[in-house]
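The values are calculated or read from the model by the stated rules, or taken from the named source; none is laboratory data. This structure is a prediction, so every number in the text was calculated from the model and none was measured. Backbone-built Cβ (ideal geometry, glycine too); neighbour counts: all protein chains shown. SASA here: full protein model, heavy atoms, side chains in, ligands and nucleic acids out. Shrake-Rupley method; radii C 1.70, N 1.55, O 1.52, S 1.80 Å.
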Amino acid sequence: MDALKIRHANAMPAPTWGWLRMNDTQIEIPMSLAPGGSMEVDAEDRLFDHAMSFEGAVAELQARLDAARATANEGSAGDDRACVRAALAENAARNVATDGAAEMPGTAETAESGSVNAPAADLELPALSRYQKRAALEEAALDVATAFETGIGADARAYLNFLAHETMVLAAAKDTQERATVRVEAEAGEAAAASIDVVAAPGSTFDLVIALDATAAMGAEDNATAALAGTTLRVFAGSHARVNVTVYALGTPAAKLLDDEGYVLDEGARVNVRHVVLGGELTVTGLAADVRGDTARLDIDTRYLASGSEQRDFNYVVRQRGRKTVSNMNANGVLTGTSKKVLRGTIDLVHGCKGSEGSEQETVLLASEGVDNKTVPTILCDEDDVAGNHGATIGHVRPEQLFYLESRGVSAKAAEALFIRAKLEDAALSAPDERIRASVLRLGEALIPGFTDDIDAPKEDAA
């Protein structure tokens, strides 16, 4: 075996696009890569003196949810929807058949009442797909820890944790403002990763910047010169906390970059995520969010560029479980050369999220005829009194536009360079620090000779 294969990465929660073969992806990691590289953290010492771990914060939220559910269900039968009863009955029947007793929470009563054959006897109970059954059981269990997920998936997270050796916990105390920067860099032949937990206590503000950078021999085709850099991130945003996460993914050809993220939002939390993906032979970006608390809000802004034969793979899964929650996904990218891109965006309006709104939009410029773009906006809904919107704007550079540019002395290749330059300049101007800006300029110089001189040249006064 010459490569480690992570199958079913960046998987959509409901596999509705199997005929297009885009429900998930497979990541191949060369076995020749050796654990190495570097990981730097720029943060105040007090952030490491955490009083609460990610698991502890989730357990505290779970205790409050259980208490609220007990009060709400007092004197009632609880969730008596047909889909929940069907999932519980089917699960109880399977447990009785295999173990002789029900094992799942809430199924013992079903088994004792003799309703394990309910799916066959009760015509009101619907037949459920695997996704519907899993969703119904998650809703019935109301278990935050079990429902937690990251965007790329458990296998990718396990691999990145293996590379990182240990998980770093950064925690902000109540009503404080904190910031941290994490840099993961790998050179040719190396694989480096960081495992990060962020816990933002109620009322706190936390700004996190992550820089992924991997270098490899320019234009190399063999795996021996590959490099890999990745992070796996878990974020708990406490009640009315503010968390801002910025990720820059930069890499030369033959570099692979993995960005795996998972979020839990408590009541009134605000989370802003910005992804800037510019370089690398293959970049895989996955984000999953559990918008659990009422009035919580998640905003995701993605900017990407793919040139040559590069590949970009994005997967965003936002499950809105709290009432009056808001989620927004916005993506904007440019594809040139023979590059490929897949963006899967799923907003799941879960039963109980009344008054919630979800929106996803993408704008893609196809600057070359050889590119391959797949955009999959998906809305899943099991609640009324909600709003879900999705759309995509995909545009080509028209032949008459290229003809006009060529008549002005701008070749097709030079026109592609203009689109690439625009994305790189925007990323450089909005870079959170000088080191990240320098990496953007390095990448720009590799793609467009003279890019650094042009962007650093002093601007003449308009006068």
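Wholly within the stretch 125-192, which helices (runs of 4 or more DSSP H) include no fewer than the required count, namely at least 3 residues that are out of contact with any Asp or Glu (no Cβ under 8 Å at 6 or more places or on another chain)?
Details: elements: 130-141, 144-147, 154-164.
Filter on the stretch 125-192 gives 130-141, 154-164.
Figure legend. Inter-residue proximity from the stretch 35-61: first residues of a type outside the set (Gly, Ala, Ser), second residues loosely packed, with under 14 Cβ neighbours inside 10 Å, beta-carbon distance below 7 Å, spacing 6+ or different chains. Indicated pairs: VAL58/ALA145. Here are some conditions: (1) open to solvent by 60 Å² or more (accessible area, probe 1.4 Å); (2) farther than 15 Å from ALA306 by Cα; (3) touching a residue at least 12 places away in the same chain (Cβ under 8 Å). GLY355 meets all but one. Which one does it not meet? Answer for GLY355: the failing condition is (1).
Checked against the criterion of being part of a strand (DSSP E or B), within 30 Å of ALA68 (Cβ to Cβ) and more than 17 Å from the chain's Cα centre (by Cα), the candidates VAL273, VAL235, VAL199 yield just one match: VAL199.
If the condition is being at positive phi, open to solvent by 80 Å² or more (accessible area, probe 1.4 Å) and more than 23 Å from the chain's Cα centre (by Cα), then the stretch 2-41 contributes no residue at all. Of note, ARG94 does not satisfy the criterion of being open to solvent by less than 90 Å² (accessible area, probe 1.4 Å), at pLDDT below 90 and not in a loop (DSSP other than H, G, I, E, B).
Each row is one residue, and each column tells you yes or no for (1) outside any strand (DSSP E or B); (2) hydrophobic (A, V, I, L, M, F, W, C).
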{"position": "ASN328", "(1), (2)": "no, no"}
{"position": "ALA331", "(1), (2)": "no, yes"}
{"position": "THR338", "(1), (2)": "yes, no"}
{"position": "LYS341", "(1), (2)": "no, no"}
{"position": "THR346", "(1), (2)": "no, no"}
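Taking the criterion of being within 33 Å of the chain's Cα centre (by Cα) and either among the β-branched types (Val, Ile, Thr) or closer than 22 Å to PRO449 by Cβ (or both), the residues of the stretch 381-412 that qualify are VAL386, THR393, ILE394, VAL397. Just so you know, in the stretch 392-411 the residues that are open to solvent by less than 80 Å² (accessible area, probe 1.4 Å) and either in contact with a Pro (Cβ under 8 Å, 6 or more places away or on another chain) or in a strand (DSSP E or B) (or both) include one that is farthest from ALA367 (Cα to Cα), and it is ALA392.
Filter the stretch 278-329 down to the residues that are among the basic types (Lys, Arg) and farther than 22 Å from CYS381 by Cβ, then identify the one that is surrounded by the most Cβ atoms within 10 Å (Cβ to Cβ). Applying the filter and picking the extreme gives ARG312. So is GLU187 among the acidic types (Asp, Glu), more than 21 Å from THR346 (Cβ to Cβ) and open to solvent by 40 Å² or more (accessible area, probe 1.4 Å) or not? It is true that GLU187 is among the acidic types (Asp, Glu), more than 21 Å from THR346 (Cβ to Cβ) and open to solvent by 40 Å² or more (accessible area, probe 1.4 Å).
For the stretch 288-345, filtering for residues that are touching an Asp or Glu at 6+ places or on another chain (Cβ under 6 Å), of a type in the set (S, T, N, Q) and more than 25 Å from SER356 (Cβ to Cβ) leaves 2.
Is there a residue in the stretch 430-437 that is in a helix (DSSP H, G or I) and open to solvent by less than 80 Å² (accessible area, probe 1.4 Å)? Yes - at least one qualifying residue is present in the stretch 430-437.
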